[in-house]
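Okay, structure first, notes after.
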Amino acid sequence: QVHLVESGGGLVQPGGSLRLSCAASGFTFSFATMGWYRQAPGKERELVADITSDTSTNYADSVKGRFTISRDKAKNTVYLHMDSLKPDDTAVYYCKTRWFRLDYWGQGTQVTVSS
């Protein structure tokens, strides 16, 4: 059974940094593309960044140069390192993968950027 568990969210001041983690199990992590998405109140869920099995990365324009996605195949974990955080980055952040044509999501972790 595919299972994704996010952690690392919290309250941070503008300009600060956070690192989110997503621990994965129940599938062959090294073969899967992993993604981070976010959903702010009243807005649709949007892609933040994703990383393929060969570590090619893709970022939303709004986070390019500030966020970095990475993966540790030995730990079955994907990370999202977020720098220069802005109030507009406030959202619930979700980890996602697609396995055998089904999408799987974690429960989400709240990130709040506020002074």
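Key figures
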quantity	calculated
Any chance LYS86 is modelled with pLDDT of 95 or more and over 12 Å from LEU4 (Cα atoms)	yes
Residues that are hydroxyl-bearing (Ser, Thr, Tyr), surrounded by 13 or more Cβ atoms within 10 Å (Cβ to Cβ) and under 19 Å from ARG101 (Cβ atoms), drawn from segment 16-49	THR33, TYR37
Any pair with Cβ under 6 angstrom, 6 or more apart, that starts in segment 52-77 at a residue that is surrounded by 12 or more Cβ atoms within 10 Å (Cβ to Cβ) and ends at one that is assigned to a loop (DSSP other than H, G, I, E, B) and of a type outside the set (A, V, I, L, M, F, W, C)	THR52/THR33; ARG66/ASP83; ARG66/SER84
All positions within segment 78-95 that are assigned to a strand (DSSP E or B) and crowded, with 21+ Cβ neighbours inside 10 Å	VAL78, LEU80, MET82, ALA91, TYR93, TYR94, CYS95
Any hit, segment 38-46, residues being acidic (Asp, Glu), more than 18 Å from LEU11 (Cα to Cα) and in contact (Cβ under 8 Å) with a residue 12 or more places away in the chain	yes
Failed item in (1) of a type in the set (S, T, N, Q); (2) in contact with a Phe, Trp or Tyr (Cβ under 9 Å, 6 or more places away or on another chain); (3) in contact (Cβ under 8 Å) with a residue 24 or more places away in the chain, with SER17 passing the rest	(2)
Test result for GLY42, part of a loop (DSSP other than H, G, I, E, B) and not charged (D, E, K, R)	yes
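The values are calculated or read from the model by the stated rules, or taken from the named source; none is laboratory data. Source: prediction; values computed, not measured. Backbone-built Cβ (ideal geometry, glycine too); neighbour counts: all protein chains shown.
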